[in-house]
Amino acid sequence: MADLTVHRATSLLESSDPFDFADDLGPAKVVHLTERTTGLRAVVVIDNVAAGPAVGGTRMAPDVTAAECFALARAMTLKNAAAGLPHGGAKSVIRADPRMDPADKERLVRAFACAIADLRDYIPGPDMGTDEQAMAWVRDEIGRAVGLPAELGGIPLDDLGATGFGLAVAVEVAASRTGLELDGARVAVQGFGAVGRHAARFLAERGCRLVAASDSSGAVVDEGGLDVGALADTKAAGRSLCDLPGLGHIERDELIAVDCDIWIPAARPDAIRADNVDRLQARIVAQGANIGVTREAEERLHQRGVVSLPDFIANAGGVICAAVEYAHGTRTEAFATIDERIRTNVTEVLDRASSSGSLPFDAARQMAQTRVHRAMTTRRWT
Ligand code: NAD
């Protein structure tokens, strides 16, 4: 049986045979879509719908693959199950350059929406290359999407920092378990986008000191504490963190070795790997990025006593927010739900990991899989 969950997915990414990706959890449906007028080429993987209609992003990039879609759909099944949402997991990919002419992009996204109209157990959301505007077009065509603009009842999760908020909650739980006092704790954040900048902000509100942060151009450091608001304003103005005057600079990838207590990957996959894991100084790693830590690095962190909070537990704030939006909830309800779900889940994952001696990642996967299997027993067809 293929084991697709997050880390394992990477080993299957070269396969072109859909049967390689099937196991007892899914996928329930795999649909290839082509449409000649607009040049639409897309794949939808609805992995598992036991808990309810599957929620998962629509990714647009020139190099997306069906294999990537399988792996991401499975990750959504686990993330949604772990978060206790009434939704299964799915993903879709559109092979196209998202920077195309806006009118062409609208036609393409609308064509995609029409092509998935009958896939009623799939609810698309924004992902790389698509945004709330794209979801508004999808909703206009087929009446369902999450991650909508506020005018359509959407909760602007990236502006509000839903995922960063959830990360801060996850860190709070892990810190109390490891005896780390958050007041004055030193934080390093890799990637200062929608996830990283809000994680830094919510941790600063809890008394943490941001001592280093990076973006794609470089990294800035200040042992005395960086001004999170000033860094966020710099990024919002379309500039690099390194453009802000008066700060120390290090090479972008040297962020891994910064002396700190909490390290947050919030940019690319595989940020912590076998070749750099031993340079990490932190006691807690809170994974904002998806697949931010390789399997080898997870094992090494565990050996060293570093608490690594799994991505699909710690970065679930965004999808929890999307689910609350879909249920017509408010932003206040969304943040309360994120707080409650992530606090409970991190506690359970760390309890399970410490009682079994396993990696938090494995404990989390076990917990999520059990929930999916239980949901499956309630359904005639899954
Ligand atoms: P974003 O595009 O808003 O921000 C990414 C940031 O990373 C930018 O500041 C960019 O300059 C920086 N960056 C890129 N490459 C880098 C590198 N090599 N080193 C350091 N910085 C680098 O993206 P985002 O929405 O913040 O998402 C970040 C990660 O979190 C992605 O892996 C995404 O899949 C994941 N994620 C996002 C959400 C969400 O709610 N947005 C939810 C769950 C997971």
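Observations on the model:
- The residue list Val138, Val228, Val189 was ranked by how far each Cα lies along the charge dipole of the chain toward its positive end, using unit charges on Cβ atoms, and Val138 comes out on top.
- Working from Cα pairs under 8 Å separated by at least six residues, relative contact order for the chain is 15 percent.
- Percent of Cα-Cα distances greater than 28 Å, calculated over the chain: 43 percent
- Loop-located trypsin sites (Lys or Arg not before Pro) in the stretch 251-342, at most 16 other Cβ atoms within 10 Å (DSSP): Arg273, Arg304
- Other-chain or far-sequence residues with amide H under 5 Å of Ala54's (modelled H): Gly88, Tyr122, Ile123
- Near Phe70: Cβ cut-off under 9 Å, other residues only, Lys/Arg at +1 and Asp/Glu at -1. The net charge is -1.
- Within straight-line cross-link reach of Lys29, lysines at Cα separation under 16 Å, skipping those fewer than 8 residues along the same chain: Lys91
- Largest GNM mean-square fluctuation among Leu167, Leu33, Leu157, using the chain with Cα springs under 10 Å: Leu33.
- Charge dipole magnitude, Cβ of K and R +1, D and E -1 - the chain, Cα centre, debye nearest 20: 880 debye
- Dipole axis of the stretch 276-382 (+1 Lys, Arg; -1 Asp, Glu on Cβ), positive-most option in His373, Val324, Gln281: His373
- Residues in the stretch 55-98 reached by a label modelled at Asp118 [backbone nitrogen below 20 Å; 7 Å Cα→Cβ]: 91-93
- Size estimate for the stretch 292-375 follows the Kirkwood approach: the inverse of mean 1/r over distinct Cα pairs works out to 13.9 Å.
- Two-decimal log10 I(q)/I(0) for the stretch 227-382, as the Debye equation yields it once each C-alpha is a single scatterer, q = 0.11 Å⁻¹: -0.57
- Loop-resident sites, the stretch 31-106, for trypsin sites (Lys or Arg not before Pro), counting at most 14 other Cβ within 10 Å (DSSP): Arg36, Arg99
- Helix 132-142 vs. the chain, principal-axis angle (Cα, 0 to 90°, nearest 10): 20 degrees
- What you get for the stretch 332-382, charging only the Cβ of Lys and Arg (+1) and of Asp and Glu (-1), is a dipole of about 380 debye around the Cα centre.
- Extent along the principal axes, Cα only, for the stretch 322-366: 40, 15, 9 Å, with the longest axis given first.
- Relative contact order of the stretch 98-182, defined on C-alpha pairs under 8 angstrom at six or more residues apart (%): 20 percent
- Karplus-based coupling profile of the stretch 208-224, in residue order and whole Hz: 6, 10, 7, 9, 7, 8, 10, 9, 5, 8, x, 9, 10, 9, 7, 4, x, with θ = phi - 60° in 6.51 cos²θ - 1.76 cosθ + 1.60 and x standing for Gly or Pro.
- Scaling against 2.2 N^0.38 Å puts the C-alpha radius of gyration of the stretch 133-203 at 1.47.
- Cβ charges +1 (Lys, Arg) and -1 (Asp, Glu), total dipole of the stretch 43-133, debye: 180 debye
- Counting only DSSP H runs of at least 4 residues, each contributing -39500 (n - 2.57), and dividing by the residue count of the chain, the helix-based mean residue ellipticity at 222 nm comes to -12500 deg cm²/dmol.
- Restricting the GluC sites (Glu not before Pro) of the stretch 161-217 to loop positions (DSSP other than H, G, I, E, B) with no more than 16 neighbouring Cβ atoms within 10 Å leaves Glu181.
Values quoted throughout were computed directly from the atomic coordinates according to the rules given, and no laboratory measurement underlies them. Being a predicted model, the structure only gives us computed values, none of them experimental. Heads up, the Cβs are rebuilt from the backbone with ideal geometry, glycines too, and the neighbour counts pull from every protein chain shown.
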